[in-house]
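The values are calculated or read from the model by the stated rules, or taken from the named source; none is laboratory data. The structure presented is a predicted model; accordingly, all values stated were derived computationally and were not measured. No Cβ is skipped: glycine too gets one built from the backbone with ideal geometry, and neighbour counts run over all protein chains shown.
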Amino acid sequence: MKRWIIKGIVIAATGSGSGKTTLTLAILAWLRAKGLNVVPFKVGPDFIDPGHHARIAGRTSYNLDSWMLSRSYNRGVFHSRTQGADLAVVEGVMGLFDGYDATTETGSTAQMAKWLKLPVLLVVSAKGKARSAAAVVKGFETFDPDLTLAGVVFTFTGSPRHYAYLKDAVEQNCTTPCLGHLPYNHALIMPERHLGLTTADEHIISQATIDTLVRMVDEHLDMPQLIQKLPDAETPGDPVKLPWQTRPGTPDPQCSPKPASSSRPRIAVARDKAFCFYYPDNLAMLEHAGARLVFFSPLADDHLPEEIDGIYLGGGYPELFADILSKKSFVLSEIKSHSRNRMPIFAECGGFMFLCRNLWPADSSQPIPMAGCFDLEVGMSSRLRSLGYREVTLTKDTGIGVKGDRIRGHEFHYSSVMTDTEACDHVFEVTTRAGQDVQVTGYQKYRTLGSYLHVHFGSNPAVPRCFVAHCIDFRQQRITAQAKT
C-alpha cells in the first residue's frame, strides 16, 4: 500500500485568551507564504475559528473532537484530509488539558494530540509574567509524561527584553525549547461578540493583516527549527476512506437510503452571515448519503430554491439580522408552508430560532416575527443561557433517526424559549453528568425538527442517511403529486 510522509503540530495554550488563534493564523499564513501545502484542523465544537483557518490556509478546516466523535473517526478524518499535504496544523481548544470534565482527559487537546501522535507547541501569555512563566511551562511539560512538547511560544510580550527574560527563565528550569514570541499588536486583535470572535463571513481578514502575520513570524519565531525538529507522521496508506464511507453493521431499515433514483433529493441549506455554523463533515455526509445541497441566503434571497425536498438551517446570528429576516415575507411563508406540507426540515440553534413565531431582542419590548413553524417565543439575554456537550436519546421516530438512537452535540447560546404553548412532540431525552440539571428540548412538528443542539453527524452516521431517506420519500411524493396535476 502506498504511504506518504507529512509533519504535524498541535497548537495548544495554557488557557483561553492566550492568543492561540492568532498564533495559529500566523503560522498558517507563514507556511502558505513559503509555498507549503498546509491542512488546518480545530479541536472542539467550534465553528468560528475554522472559518478563519480556511481564509488563511486556502482550504477547509475540519473539526476534531474526542467527546462527540470516536478515536477511529478522528483519526480517519485527519488521515484522509492530510493526503498529499506537507504539514497539518491543529489548533487546540481552551487550555491544553481542559475538556469534558475536571478528572479525565476526554475532550481535551492533550487527548487529541496523543490520538494523532503529534507534538504540541505550547502557547503562554506573557501578560503579567516574568520568572513565574518558567513554573507554568514546567508544570505543563511534566503534567502528562505521555505528551510531547515541541516548544513554547510566548504571546503578548511587551518588548524583546521582556521575551529575553522569559526565555532565560524557561531555559534555566525547563527542557522545552523557547521558539519565539508574538509581541502585542493592536492591529491583530480580532473583534468579538457574545459567541466569540466575529465570523469569517463578517470579518474578512485582509491581505495587509495576513502580510503582517507573516512578517511577525519571520521576525519573532524560529519556524525552521520547529519544522526541522518535528517528527515525521506516517499516515496509514493511500487512499484512505473517510469514516462515513464505510458502514459498519446493519443500518436501521427505516432510515436506509433507497436505491438511487434518476435524481437525488435537493436539500436547501441556509448559508450567509446569519446562518454560518455548520460542521463541514455534516454537509459532506449529507452529500455522501445521496443529497444534492442547494445553498441559499435567507438574508439576500426573496424565495427558497425551487424543486427542493428538504431544508437544513444551521446556527449563527439570526438575532443580529432579525429585522432583515422578518421582512423576507416570501421566504418565511414558503418555509412555513413546506413545514405544513411535511417536508423534512432540520434546524439547529439559530436555525431553530428562525423557525419560531417571534424573536425578542434583549433590549426591546417588541417581538420580531420569524417563520412561525413552531408556536414558540424565543428571547435574547445578556447572559449565557447554556453551554456544554450534550448527548440525547431520541424518544420518538424523527427526521434524523428512530426512537432509541443516540446523538451527540454541543450547546452555546444566549437565547431561550420564553413561552412554550406549542402542541408538538418533544423528542429528546438528555444524558448528562451526575448532579447537573440540563434540559435540551427537541421540538418536532410534522417533519420539522428544531432544537438548540448543534449535532455532529459523525457521532451517529445514521443521522444524515435518515434525513436524506426522508427527503427521498418527500421527493417521490412531490413528483407523483405533480404528475397528477
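Within segment 166-175, is even one residue outside the structural domain of SER386 (by TED's automatic domain parsing), in contact (Cβ under 8 Å) with a residue 40 or more places away in the chain and closer than 22 Å to MET216 by Cβ? Yes, there is a match, as at least one residue in segment 166-175 is outside the structural domain of SER386 (by TED's automatic domain parsing), in contact (Cβ under 8 Å) with a residue 40 or more places away in the chain and closer than 22 Å to MET216 by Cβ. For segment 333-349, the condition of being over 27 Å from ALA469 (Cβ atoms), free of Cβ contacts under 8 Å to residues at least 60 places away in the same chain and surrounded by fewer than 23 Cβ atoms within 10 Å (Cβ to Cβ) holds for at least one residue. Scanning segment 375-404 for residues that are β-branched (Val, Ile, Thr) and either under 19 Å from the mean Cα position of the chain (by Cα) or under 14 Å from VAL417 (Cα atoms) (or both) yields VAL378, VAL392.
For every residue, the table says whether it meets (1) at pLDDT below 90; (2) among the β-branched types (Val, Ile, Thr); (3) closer than 25 Å to ALA133 by Cα; (4) outside the structural domain of THR22 (by TED's automatic domain parsing).
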| residue | (1), (2), (3), (4) |
| --- | --- |
| LEU182 | no, no, yes, no |
| ILE189 | yes, yes, yes, no |
| GLU192 | yes, no, no, no |
| GLY196 | yes, no, no, no |
| THR199 | yes, yes, no, no |
| HIS203 | yes, no, no, no |
| ASP211 | no, no, no, no |
| VAL217 | no, yes, yes, no |
| HIS220 | no, no, yes, no |
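Here is a yes/no grid of residues against (1) at pLDDT 90 or above; (2) of a type in the set (Asp, Glu); (3) assigned to a loop (DSSP other than H, G, I, E, B); (4) within 25 Å of VAL43 (Cα to Cα):
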| position | (1), (2), (3), (4) |
| --- | --- |
| THR419 | no, no, no, no |
| GLU429 | no, yes, no, no |
| ASP437 | no, yes, yes, no |
| LEU449 | yes, no, no, no |
| GLY458 | yes, no, no, yes |
| PRO464 | yes, no, no, yes |
| VAL468 | yes, no, no, no |
| GLN476 | yes, no, no, no |
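The criterion of at least 2 residues that are at pLDDT below 95 is met, among strands (runs of 3 or more DSSP E) falling completely within segment 323-398, by 356-360, 374-380, 386-394.
Taking residues in segment 438-466 that are on the phi > 0 side of the Ramachandran plot, and partners anywhere that are part of a helix (DSSP H, G or I) and not charged (D, E, K, R), the pairs with Cβ atoms closer than 9 Å and at least 6 places apart or on different chains are TYR446/SER339.
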